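*Asks:* One structure coming up, written as structure tokens, with questions to follow.
The values are calculated or read from the model by the stated rules, or taken from the named source; none is laboratory data. Values in this document were obtained by computation on a predicted structure and should not be read as measured data. With ideal geometry, Cβ positions are generated from the backbone for all residues, glycine too; neighbour counts draw on all protein chains shown. The accessibility values were calculated without ligands, DNA or RNA, using every heavy atom of the protein model including side chains. Shrake-Rupley method; radii C 1.70, N 1.55, O 1.52, S 1.80 Å.
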Amino acid sequence: MSTLPHDGSVRQKNPDPDIEYRFGKAIRRRRRELDLSQEELAERAGLHRNYISSIETGTRNPSLKNIEKLSQALNISISAFFADYGIEAESE
């Protein structure tokens with residue numbers, strides 16, 4: 001649901017917790033299931049360890065390309081990752 005603030009711009013209602021946080025938590029959960037360090041995951045995905053850390057804390061919004069790299073490095077399909085790891089926001 002969007003609202004129009006006084007300046008006329010469109011803002012999306014931000015459910016809590018936000019998608020970046022839920023995605024990061026799912027990445028961390030899957031990484032730990034595979035007993036990988038952030039450094040090992042970063043190497044497998046061809047990304048920097050600091051970037052992995054930022055994703056896991058919800059401060060980064062990864063691109064689709066990087067989501068694909070992460071899912072391949074974590075040996076899970078993108079669709080299974082989203083379906084099985086609680087990334088979807090609960091409906092009101």
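*Asks:* Given labels modelled 7 Å from the Cα in the Cβ direction, how far is it in nm from GLU20 to ASN61?
*Replies:* So the two model labels end up 0.7 nm from each other.
*Asks:* Then there's this: Could you work out the local net charge near SER37, counting Lys and Arg as +1, Asp and Glu as -1, over the other residues with Cβ closer than 9 Å to its Cβ?
*Replies:* Residues near SER37 contribute -1 overall.
*Asks:* Right, another one. To the nearest 20 debye, what charge dipole does the stretch 41-92 have about its Cα centre, counting +1 at the Cβ of each Lys and Arg and -1 at the Cβ of each Asp and Glu?
*Replies:* That gives the stretch 41-92 a dipole magnitude of about 420 debye.
*Asks:* Quickly work out the GLU88-to-LEU34 label distance, labels modelled 7 Å from Cα along the C-beta direction, and quote it in nm with one decimal.
*Replies:* Once both label points are built, they end up 2.4 nm from each other.
*Asks:* Now for a separate question. Based on Cα positions only, what radius of gyration and what Dmax would you give for the stretch 47-88, in angstroms?
*Replies:* 10.2, 26
*Asks:* Could you tell me what percent of the accessible area of the stretch 14-90 is made up of carbon and sulfur, with a 1.4 Å probe and every protein chain present?
*Replies:* The computed percentage sits at 44.
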